[in-house]
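The values are calculated or read from the model by the stated rules, or taken from the named source; none is laboratory data. Since we're looking at a predicted model, the values are computed, not measured. For neighbour counting, all protein chains shown are included, and Cβ atoms are generated from backbone atoms with ideal geometry for every residue, glycine included. With ligands, DNA and RNA removed, areas are computed over all heavy atoms of the protein, side chains included. Shrake-Rupley method; radii C 1.70, N 1.55, O 1.52, S 1.80 Å.
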Amino acid sequence: MKVQNIFAILAFASMLAACGEKSKITYSTAKVEKTNISTTITATGTIEPVTEVEVGTQVSGIIDKIYVDYNSEVHRGQVIAELDKTNLLAELASAQSNLSNAQSSLNYQTNYYKRYKTLYEKGLISANDYENAKLNYEQAVQQVKVQQQSVTRAQTNLGYATIMSPIDGVVLSKEVEEGQTVAATMNTPTLFILAQNLTDMRVIANIDEADIGGVKEGQRVTFTVDAYPEDVFEGAVTQVRQNATTTSNVVTYEVVISAPNDDMKLKPGLTANVTIFTLEKNDVVAVPAKALRFTPNESILTEQEKIEDCHGKKKVWTKEGNVFKAHAVETGTSNGVLTEILSGVSVGTEVVTEFEVLGGPGSEQGGRPQNPFMPRPRDNKKK
C-alpha cells in the first residue's frame, strides 16, 4: 500500500473518531443504463460564402457606368459596369489601320516576288535580285501577322472595358463609383465582390493545436451566432486544412464547416461559436466514470459490512445489504463523465459511485456532506 494511501486512511479514521456517533457514512449510487456518450471541442469561426469571387478589370480607365448595387442579384454574363471606351476604340482603330497598310504592302510584295521568280527561272535576273524580292515578300507576310495580333489585342482590351458577372450570385461589395479612375498596372483592381449562393454558407473555424488531432471530416457540428442567440445551427466538418497559423505563439488550424442557410439568417462575416462533436456513440450501456474509481475502504466499514472483491483490472461495486461486491467489467469509450460498459454488468444494476460523511461537530441539524480530507470550519462561537 502506498504511503500516501496510509496517511489518507489514518487521517480519515482520525476524523471519524473525532466526529463520534453523530457522523454517518452514506453511499451514492447510479444505475447502469443506456445513454449517449459524446466528446466535444469548442472554437470560434467566421461565416462566409462557399464561393466568393472578386471581379476586377485588366485595363485602366474611368468607370463610365455601374448597373448594380449592394445586394443586387446578378446572372452569369450580365453586364454590371462599363469603363470609358474612348481611348480603347482609338487604339483599335489605329491597329486596324496598321493592319490595312501591312496587307497592302503584302499584296505589292507578293506580285513583285512572283514577277522576279518568273524572270529568275528564265535566267533574266540575277540570283541576288531574286533573293531580295523573296525576303521582302516574307517580311511583309510576318508584318501582317504582327498587325493582326495588335488588332486582336485591341479588341480584347475593348472587351475588358465591359465588366460582366462571372457567376450567378449576389453583390456583396461595390468598391468603385461612376467617374472613378482605376489603374490596372501591377495589381488588378477589385471592382465588386460577388457571392455565388448565400443559401450555401460555410464556417472557417480556428482550432487549437491541442484539439486538432480529434477533428475529422464528416463530424457533426453545431454553432450559434450572436445575431440569433436562441438558434442552434447544424453543420459538418468538410475539410481540415494542413496549413498552420501562428498568432502570439498560439498555433491554430483552419477547419471548414458546412452551414446550410435556407432561411437566410446567416450573413457573411458573422462570428460563429462552434461545437465539434469529435466522438458520438448513441444508445450504449454506460455508468458514471467515477464508479470505476470507487473502492470500498475497509477502515470505514462497520462490523456488519463485508467486501467481496474480484480479480478484474477494471471493476464496479454494488452494495447488496451489508455486502460490497465487485464486478469485473470491460469498458469502451469514455468522455471523462460517462464510460461505456461492454460486459460485466447489466442494464438497471445500481453501482456505487462515491461515499460521503454526514454530520459531525459543528454541522447543521440533518448533516451536510463532509470531505474527510479537507480542514473543518473553525468554530467562531463565543464560549
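When nucleic acids and ligands are ignored and a 1.4 Å probe is applied, LYS117 ends up with an accessible area of around 80 Å². The ellipsoid equivalent to the alpha-carbon distribution of segment 268-321 has semi-axes of 43, 14, 10 angstrom, derived from the gyration tensor eigenvalues as √(5λ) and listed largest first. For the cross-link pairs LYS122/LYS145; LYS31/LYS315; LYS31/LYS319; LYS65/LYS265; LYS34/LYS315; LYS24/LYS319, the ones whose C-alpha atoms lie over 21 Å apart are LYS122/LYS145; LYS65/LYS265. Sorting the Cα pairs of segment 135-221 by distance into bins of 10 Å, from 0 upward, gives 11, 22, 19, 19, 14, 8, 4, 1 percent per bin. Here the convex hull built on the C-alpha positions of the chain has a volume of 334 cubic angstrom per residue. Checking every one of the chymotrypsin sites (Phe, Trp or Tyr not before Pro) in segment 19-121 against DSSP loop status and a limit of 15 other Cβ atoms within 10 Å picks out TYR67, TYR70. Ordered by 1.4 Å accessible area with all protein chains kept, HIS75, HIS327 run largest first as HIS75, HIS327. Under the combined filter of DSSP loop state and at most 10 neighbouring Cβ atoms within 10 Å, segment 274-309 retains these GluC sites (Glu not before Pro): GLU303. Figure note: THR44, THR199 ranked by solvent-accessible area, largest first, 1.4 Å probe, ligands and nucleic acids not counted: THR44, THR199. Expressed to the nearest 5 percent, the antiparallel share of DSSP beta bridges inside the chain is 95 percent.
Computed over neighbours whose Cβ is under 12 Å from that of GLU298, the net charge equals -2, Lys and Arg +1, Asp and Glu -1. Per residue, the chain exposes an accessible area of 61 Å² to a 1.4 Å probe, with every protein chain left in place.
The trypsin sites (Lys or Arg not before Pro) found in segment 123-225 that occupy coil by DSSP, while having at most 13 further C-beta atoms within 10 Å, are LYS216. Taking every alpha-carbon pair in segment 124-164 and binning the separations at 10 Å intervals from zero gives 25, 25, 21, 15, 9, 4, 0 percent. Going by accessible surface with a 1.4 Å probe and the largest first, LEU106, LEU135 read LEU135, LEU106. So what is the diffusion coefficient of segment 89-160 in µm² per second by Stokes-Einstein at 20 °C and 1.002 mPa s, using a Kirkwood Rh over Cα pairs? In µm²/s, the coefficient rounds to 159. Taking amide hydrogens as placed 1.01 Å from N in the peptide plane, the amide H of THR353 sits under 5 Å from those of SER28, THR29, ALA30, each at least 5 positions away in sequence or on another chain. Calculate log10 I(q)/I(0) of segment 217-286 for q = 0.14, 0.23 Å⁻¹, where I(q) comes from the Debye formula with a single equal point scatterer on each Cα and nothing for solvent. With one equal scatterer per Cα and no solvent, log10 I(q)/I(0) is -0.56, -1.10.
Remark: segment 227-332 projects, on average over all directions, an area of 13.8 nm² (convex hull of Cα atoms).
Note the angle between two axes, namely the Cα long axis of helix 3-19 and the longest principal axis of the Cα atoms of the chain, as a number of degrees from 0 to 90, rounded to the nearest 10. With rounding to tens, the tilt is 50 degrees. Within the accessible area of segment 198-334, the carbon and sulfur atoms contribute 45%, probe 1.4 Å, all protein chains present.
Based on the convex hull around the alpha carbon atoms, segment 311-351 presents an average projected area of 3.3 nm².
Each stretch of four or more DSSP H residues adds -39500 (n - 2.57); spread over every residue of the chain, this sum gives -8000 deg cm²/dmol at 222 nm. Working note: Karplus 6.51/-1.76/1.60 with θ = phi - 60° gives segment 141-156 the couplings 4, 5, 5, 5, 5, 4, 5, 5, 5, 5, 5, 4, 5, 5, 5, 5 Hz, where Gly and Pro are set to x.
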